[in-house]
Each structure stands twice: as C-alpha cells, then as structure tokens.
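Chemist: First the structure, then my questions, so here it is.
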Amino acid sequence: MSRSLLGLAGVVILAIPSVARADTWHFDPPHSSAQFSVRHMGISTVRGAFTKVSGSVEYDPSDLSKTTVDVTIEAASVDTRVDARDNHLRSPAFLDVAKYPTLTFKSKRVESAGQGRLKVTGDLTIHGVTKTVVLDVEGPTDPIKDPKGNLHMGAFATTKINRQDFSVSGVPVMVGDDVSITIDVEMVKPAPVAH
C-alpha cells in the first residue's frame, strides 16, 4: 500500500468517533436512603425511611438513552422511630416483608428535564405489584474524587404514589393513600486498578 493511502487510512480512522459507553456507578449504602411521608388521620404527617438501599446506575451523560437505574430497598429496614408502628408496617397488613422482602425500581427510560435535572421512567414493585412511575431527579452532581481516587456523585429523586395501587391496604381511615417518596443516593465509581 502506498504511503499516501496509508496516510489517508489513518485520517479516516481518526475521523471515526469513539464509541461512548456508560460508566457503572454503585450506590454507597451508608450514604443512601429512601424516605417517605404519609398523612395520618388527615391531621398530621408521618415520616419514615428505608435505611437499607442498594443499586447501580449505568450513566452516559452524552447519551441518556444508554443510562439505566436499578434500585433495591429492603422492606424490613423501614424506620419511623416507633417500634410498634414499624412492626405494623412490616406485617401482612401493610408491606408483608416476610413474603415481599424487597421493593425495587428498574428504569425503562431516562430523559433530560432541563439543566441538572432528569426524568426517569421505570417499574416500581412494592408488595409484589409492579406499576410504572416517574422519578423527578435533581442531579447527578459533578463527580468528586476522594483521597483514594474513587469518584463520587449524588442525586435526589422524588415521586408520589397511591399505596392502594400496590395493594398496601392497611387501615384506610387511619392512613392516607398518597405517599410521597424521596430517594437520596451517593454513587461511587472505584478508581482504576493499577497494573
């Protein structure tokens, strides 16, 4: 092959854009949680959290169609700061954690919702019932490197569901149907391993 053809081939190869791929970020459980609030008897608001949240995000900021979110929450980790109430929420009257030990969210579509915001549509499963919900997300933040070289970024998501849609019946008169949910996550991408 002539030198000119070799040069042309090199130019063509350099002109082909590199294939972008999504980076994998894992939730940092000690710095991640899912909170909820619900009206009690229509006169006060009860707030609680699920303290054991794990998950991963495949994130490609240049092509959000390649971004996916997968979240798992341990139902038994519910905490409203009142033991009797927490045990009632774990019982078959509400979450039935013995039969349905986890709540999950698996994204189906991720879209931009403006500067620094995303709209994440996916399947939420609670009490064995799966419904499509939309998470309104602030973030993710710009990555920050820790002293070990690991990258961290955070995001904050909100949505609202009707618990009756997920067959979480309980006592209708005592507990409101609308449940506001917020998810705070810190995600980590480990530093490359030196060879």
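Chemist: Checking PRO190 against (1) in contact (Cβ under 8 Å) with a residue 24 or more places away in the chain; (2) within 16 Å of the chain's Cα centre (by Cα), which test does it fail?
Modeler: (2)
Chemist: What are the residues in segment 129-188 that are closer than 24 Å to GLU74 by Cβ and basic (Lys, Arg), if any?
Modeler: Those that are closer than 24 Å to GLU74 by Cβ and basic (Lys, Arg): LYS131, LYS160, ARG163.
Coordinate-derived values only; no laboratory data. Just so it is clear, the structure is predicted and the values come from calculations on it, not from any experiment. Don't worry about glycine lacking a Cβ; one is built from the backbone with ideal geometry, like all the others, and counts go over all protein chains shown.
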